[in-house]
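A.B. asks: Have a look at this one.
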Amino acid sequence: MKIITSIEELRDQLRGQLRTAFVPTMGNLHEGHLSLMRLARRHGDPVVASIFVNRLQFGPNEDFDKYPRTFEADVEKLEKEGVYVLFAPTEKELYPEPQEFRVRPPDGLGNMLEGEFRPGFFTGVTTVVLKLFSCVQPKVAVFGKKDYQQLMIVRQMTGQFALPTEIIAAETYRADDGLALSSRNGYLSSTERAEAPVLYQQLSHIAQQIHQGRHDLPALEQEVMQHLAQRGWKPDYIAIRKRANLQTPAADEVAAGEKLVVLAAAKLGATRLIDNLEI
């Protein structure tokens, strides 16, 4: 595996490659990330991964400096997966001057759910993704469904800018007890880790209720919020939305079989977990 830190060298290395498959990451890799690499290989060749902790997507109360950086272990994992190039630019390389040009998602999509609780987050994400796409120029790029809203925003951005990159969605990789794998899981205490699967269990409960014909979605959302709070969680949102645009479905749309997704974000102790489930 070639480890490349400069944009110029990356472009030289990939010149002439027409089927590059790209997986952008912030490092601290786990099995969920590695499953993205395997999916990328099925859709293109060579596979390029990036590791870059993007300051632009960190809010004022989120500690950029404390984000776990495990570069040597990450390199070892990527080599075992047969990744061709790891692009690991420094901040100075990717942002040689203040990044005053930004890509801002439309308010109807970027300011709700995660965007409401993490203002500016998606602007940071879309700006760095567009820049990484410019550097790598991939034929396909793989993003996980665990970050459902992020996946939708990146896909829409790619379409609206007519970028020659197909966005591939990867299913959420889960532990045996249902917990979605996340770098943040490492912050959980042993007691919290035992409690953490309850979030996915509650999403599954919502899906079951809807499949059984329940249509009072706001009441169902509130019940689950209260259930989590009673167990010591601090939920930000439990939201049942339309898969097509993440807007709130009307009762008649639910009755007609509208494809739905339930999204959740909640703090367990000091750790904020997100998850979702398509219904």
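A.B. asks: Working from Cα positions, state the angle (0 to 90°, nearest 10) between the long axis of helix 217-230 and the longest principal axis of the chain.
C.D. replies: Between the helix axis and the principal axis of the chain, the angle is about 80 degrees.
A.B. asks: Springs between alpha-carbon atoms under 10 Å, Gaussian network over the chain: tell me which of 182, 204, 190 tops the mean-square fluctuations.
C.D. replies: Of 182, 204, 190, the Gaussian network model singles out 190 as fluctuating most.
A.B. asks: Given the pairs 145/242; 80/259; 2/139; 92/146; 77/234, which are separated by over 26 angstrom at their Cα positions?
C.D. replies: In this structure, 80/259; 92/146; 77/234 lie more than 26 Å apart at Cα.
A.B. asks: Within a Cβ distance under 14 Å of residue 16, other residues only, what is the Lys/Arg minus Asp/Glu net charge?
C.D. replies: It works out to a net charge of +2.
A.B. asks: Further question on the same structure: Restricting to the chain, what percent of DSSP beta bridges are antiparallel, rounded to 5?
C.D. replies: 50
A.B. asks: Which is farthest toward the positive dipole end of the stretch 135-240 among 173, 201, 137, measuring Cα position about the Cα centre, with Cβ charges +1 (Lys, Arg) and -1 (Asp, Glu)?
C.D. replies: Final value for the positive-end residue is 137.
A.B. asks: Something else about it: How high is the relative contact order of the stretch 1-129, given as a whole-number percent (alpha carbon pairs under 8 Å, six or more residues apart)?
C.D. replies: Relative contact order, the stretch 1-129: 33 percent.
A.B. asks: May I pose another question? Sort out for me the Cα centre separation of the stretch 67-110 from the stretch 181-219, rounded to whole Å.
C.D. replies: 29
A.B. asks: If I take every Cα pair under 8 Å that is 6 or more residues apart in the chain, average their sequence separation and divide by the length, what percent do I get for the relative contact order?
C.D. replies: After rounding, I find 18 percent.
A.B. asks: Please identify the GluC sites (Glu not before Pro) of the stretch 51-139 that satisfy two criteria: DSSP loop assignment and at most 12 other Cβ atoms within 10 Å. Which are they?
C.D. replies: Answer in residue order: 62, 100.
A.B. asks: Dipole of the stretch 177-238, Cα-centred, from +1 at each Lys and Arg C-beta and -1 at each Asp and Glu C-beta, to the nearest 20 debye?
C.D. replies: Dipole about the Cα centre, nearest 20: 120 debye.
A.B. asks: What's the angle, to the nearest 10 degrees (0 to 90), between helix 148-160's Cα axis and the longest principal axis of the chain?
C.D. replies: Here the helix axis deviates by roughly 50 degrees.
A.B. asks: In addition: Within the chain, what's the longest stretch lacking chymotrypsin sites (Phe, Trp or Tyr not before Pro) that sit in DSSP loops with no more than 13 other Cβ atoms inside 10 Å?
C.D. replies: Between exposed loop sites, the widest span is 162-279.
A.B. asks: Rounded to the nearest 20 debye, what is the charge dipole size of the stretch 108-239 about its Cα centre when +1 sits on each Lys and Arg Cβ and -1 on each Asp and Glu Cβ?
C.D. replies: Around 380 debye, computed over the stretch 108-239.
A.B. asks: Explain nothing, just the number: dipole magnitude of the chain about its Cα centre with +1 on each Lys and Arg Cβ and -1 on each Asp and Glu Cβ, in debye rounded to the nearest 20.
C.D. replies: 380
A.B. asks: Next question, about the same structure. Which value, in Å², gives the accessible area per residue of the chain when a 1.4 Å probe is used on the protein heavy atoms?
C.D. replies: Per-residue value: 49 Å².
A.B. asks: Let me ask another. If the cut-off is a Cα-Cα distance under 15 Å, which aspartates and glutamates reach residue 267, setting aside same-chain residues fewer than 8 apart in sequence?
C.D. replies: 62, 114, 192, 195, 236, 275
A.B. asks: Which shape class, rounded, prolate or oblate, goes with the stretch 126-279 when its Cα gyration tensor gives a ≥ b ≥ c as root eigenvalues, a/c under 1.5 marks rounded, and past that a/b bigger than b/c marks prolate?
C.D. replies: oblate
A.B. asks: Let me ask something additional. Tell me the label-point distance for the pair residue 216, residue 76, using the 7 Å Cα-to-Cβ offset, in nm and rounded to one decimal.
C.D. replies: The answer from the label model is 5.5 nm.
A.B. asks: Carbon and sulfur: what percent of the chain's accessible surface (1.4 Å probe)?
C.D. replies: 49
A.B. asks: Can you show me the helix-derived [θ] at 222 nm for the chain, built from DSSP H runs with n ≥ 4 at -39,500 (n - 2.57) apiece and divided by the number of residues, rounded to the nearest 500.
C.D. replies: Value at 222 nm, helices only, nearest 500: -11500 deg cm²/dmol.
The values are calculated or read from the model by the stated rules, or taken from the named source; none is laboratory data. From a predicted model like this one, the values you see are computed outputs, not experimental measurements. Glycine gets a Cβ as well: all are built from the backbone with ideal geometry, and neighbour counts include every protein chain shown. With ligands, DNA and RNA removed, areas are computed over all heavy atoms of the protein, side chains included. Shrake-Rupley method; radii C 1.70, N 1.55, O 1.52, S 1.80 Å.
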